[in-house]
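Comments concern the structure below.
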Amino acid sequence: LSIFGDSMSSDDELREATTEILSACQDMAKQDVGAIIIIDMNGDIQDTIIESGTPLGAVLSAPLLESIFNTKAHLHDGAVIVRGNKIVAAGCFLPLTQRHVNKEMGTRHRAAIGISEKYDAITVVVSEETGNVSLTIAGNISLGITIDRLEELLDSCLNIK
């Protein structure tokens, strides 16, 4: 079973979903709009985390991600949780890592590491301060990666050929 559910299992369908995330991240990075997008690999992120935000159940799209993280939007401060091709919830509060991390990393980065330490999740962060894009998986963070590198890492993590 792919993380994008029964109806989203082909490489083409996986590519389409990741393309929306990549497009949104690229646009937000150019505008220094902060974002944290969690891809819940096995659907095991606790309901308490999802319920800390606003349930959406909306189809994943770059314009929707960008509107959620618009600084004038009510939900921009929290995280978006993606399962399959759906945005399950937005404005979610996440556990922060308890590890000592670089002082230059802000709350979004600490939350990205924290959620990926506890769950099988990939987290993409766009820094509001620098516009840099980072990715966490299994508690490890790759800071300041290009959109092309983000695509490579997502393809690898999601087994897209």
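The values are calculated or read from the model by the stated rules, or taken from the named source; none is laboratory data. From a predicted model like this one, the values you see are computed outputs, not experimental measurements. Virtual Cβ from ideal backbone geometry, glycine too; neighbours counted across all protein chains shown. We work out accessible area using only protein heavy atoms, side chains counted, and drop any ligands, DNA or RNA first. Shrake-Rupley method; radii C 1.70, N 1.55, O 1.52, S 1.80 Å.
Across the chain, the mean sequence separation of Cα contacts (distance under 8 Å, 6 or more residues apart), normalised by length, yields a relative contact order of 26 percent. A simple count of charges around T97, restricted to other residues whose Cβ falls under 14 Å of its Cβ and scoring Lys, Arg +1 and Asp, Glu -1, yields +4.
For the chain, what does the accessible surface come to per residue with a 1.4 Å probe? Please give it in Å².
It amounts to 49 Å² per residue over the chain.
Of the peptides 107-116, 19-28, the order by per-residue mean of other Cβ atoms within 10 Å, starting with the highest, comes out as 107-116, 19-28.
Loop-only check: which chymotrypsin sites (Phe, Trp or Tyr not before Pro) in region 25-127 are DSSP coil with at most 14 other Cβ within 10 angstrom? Please list the in-between numbers first.
Values: sites: F69, F93, Y119; in loops: F69, F93, Y119.
Filter output for region 25-127: F93.
Counting lysine pairs in the chain that sit 8 or more residues apart in sequence, or on different chains, and whose Cα atoms lie under 24 Å apart gives 6.
Could you estimate the translational diffusion coefficient of region 37-113 from the Stokes-Einstein equation, with Rh from the Kirkwood formula over C-alpha pairs, at 4 °C and 1.567 mPa s, in whole µm²/s?
Roughly 100 µm²/s, to the nearest whole number.
Give me the net charge of K72's neighbourhood, meaning all other residues with Cβ under 14 Å from the Cβ of K72; Lys, Arg count +1, Asp, Glu -1. Computed value for this residue: -3. For region 89-128, the relative contact order works out to 37 percent when only alpha carbon pairs closer than 8 Å and six or more residues apart are counted. Phi angles of region 147-159 translate, via the Karplus equation with coefficients 6.51, -1.76, 1.60 and θ = phi - 60°, into HN-Hα couplings of 4, 4, 5, 4, 4, 4, 5, 5, 4, 5, 5, 9, 6 Hz per residue; Gly and Pro are given as x.
Looking at region 10-104, the trypsin sites (Lys or Arg not before Pro) that sit in a DSSP loop and have at most 12 other Cβ atoms within 10 Å of their own Cβ are K72, R99, K103. In order along region 115-125, phi translates into HN-Hα couplings of 5, 7, 6, 8, 10, 7, 9, 9, 10, 10, 10 Hz, rounded to whole numbers, per the Karplus curve 6.51 cos²θ - 1.76 cosθ + 1.60 with θ = phi - 60° and x for Gly and Pro. When the solvent-accessible area of region 99-155 is split by element, carbon and sulfur atoms take up 44 percent of it, the probe being 1.4 Å.
Net charge around A62, counting only other residues with Cβ within less than 15 Å of its Cβ (Lys, Arg = +1; Asp, Glu = -1)? Taking every other residue near A62 into account, the sum is -2.
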